[in-house]
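Here's the structure we're looking at; comments come further down.
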Amino acid sequence: MLLRPAIVVFAALTCVCGIVYPLAVTAIGKAAFPAQAAGSLVMQGGQVVGSRLVGQSFTSPRYFWGRPSATAPMPYNGSASGGSNQGPLNPALREAVRGRLAALRAADPGNVAPVPVDLVTASASGLDPDISLAGAQYQAARVARARGIDAGRVRVLVEQHAERPLLGVLGEPRVNVLALNLALDAR
């Protein structure tokens, strides 16, 4: 006796929660936020070159480097998103930070400024596409030297691509590494 109402409720909830609601939310998202619903893809010359939401691995001194990625086996692997879960006292994290510091110092031996922490530690997702404004300014002289352009021009470009905190107080100034590197290539 109770089987029929249970099946009807199950079928109705399955249709509403599994079909109608997802389709409605997807349609509203595509109508209200088309770029974000499509993955915030960055296009150049009609080709997709990345997403504003997922970092990319840049290793050439000619480019700004993003935050280290905690994904394995490939950096910025969206299917392996997640932090390293290594605490500040973990010897593996300390060794990784030492290696990252050494790589930054080797790429720019004359730079004696303190290294911003976001350049040597991964984000919680391991996919962070942004670096702090300080992290970008730290790398500006190296990038300028590698490209043979004035460091002041590179610093101005960094400032032009800086995204300020939401409402002026939420978060810190940051720079999208892909957008900044594409702007460098466009010069």
> segment 65-160: percent of C-alpha pairs farther apart than 23 Å?
Replying inline: 30 percent
> Near the amide H of F58, under 5 Å away, which other amide H atoms are found, from residues 5 or more places off or on another chain, if H is placed in the peptide plane?
Replying inline: G66
>> For the pair V20/R187, report the inter-label distance in nm, with labels modelled 7 Å from Cα in the Cβ direction.
In response: 5.6 nm
> Size of the dipole of segment 87-187 about the Cα centre, Lys and Arg at +1 and Asp and Glu at -1 on the beta carbon, nothing else charged, in debye to 20?
Replying inline: 320 debye
>> Between S79 and Q44, what's the calculated FRET efficiency when r is the beta-carbon distance and R0 is 30 Å? Round to 0.05.
In response: 0.80
> For S60 and I28 in one chain, what is 0.36 nm times their gap in residues minus the Cα-Cα distance, to one decimal in nm?
Replying inline: 7.4 nm
>> What FRET efficiency comes out for A146 versus Q36 if R0 is 35 angstrom and r is the Cβ-Cβ distance? Round to the nearest 0.05.
In response: 0.55
> What percent of all Cα-Cα pairs in segment 21-103 falls in each 5 Å bin, counting up from 0?
Replying inline: 3, 12, 13, 18, 17, 13, 10, 7, 6, 2, 0
> So for the chain, taking the charge dipole from beta-carbon charges (+1 Lys/Arg, -1 Asp/Glu), which of V117, G29, V143 sits furthest toward the positive end?
Replying inline: V143
> In segment 120-187, if every C-alpha pair distance is counted and binned at 5 Å from zero, what percent goes to each bin?
Replying inline: 4, 17, 27, 24, 16, 9, 4, 0
> Rounded to the nearest 20 Debye, what is the dipole magnitude of the chain about its Cα centre when Lys and Arg each give +1 and Asp and Glu each give -1 at the C-beta?
Replying inline: 220 debye
>> If a paramagnetic tag sat 7 Å from the Cα of A107 along the Cα-Cβ line, which residues of segment 58-87 would have the backbone N under 14 Å from that point?
In response: 58-69
>> Can you give the Rg/Rh ratio of the chain, where Rg is from the C-alpha atoms and Rh is the Kirkwood radius?
In response: 1.14
>> List the residues, sorted by chain then number, that are 5 or more residues from T121 or on another chain and whose placed amide H is less than 5 Å from its amide H.
In response: none
> Using 0.36 nm per residue, how much length does the chain from F10 to A92 gain when fully extended, once their Cα-Cα distance is taken away?
Replying inline: 24.6 nm
> With each run of n ≥ 4 DSSP H residues scored as -39500 (n - 2.57), what mean residue ellipticity at 222 nm is computed for the chain after dividing by its residue count and rounding to the nearest 500 deg cm²/dmol?
Replying inline: -13500 deg cm²/dmol
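Bear in mind that the values in this text are calculations on the coordinates, not laboratory data. On a predicted model such as this, the values are computed, not experimentally measured, just so you know. All Cβ positions, even for glycine, are placed from backbone atoms using ideal geometry, and neighbour counts span all protein chains on display.
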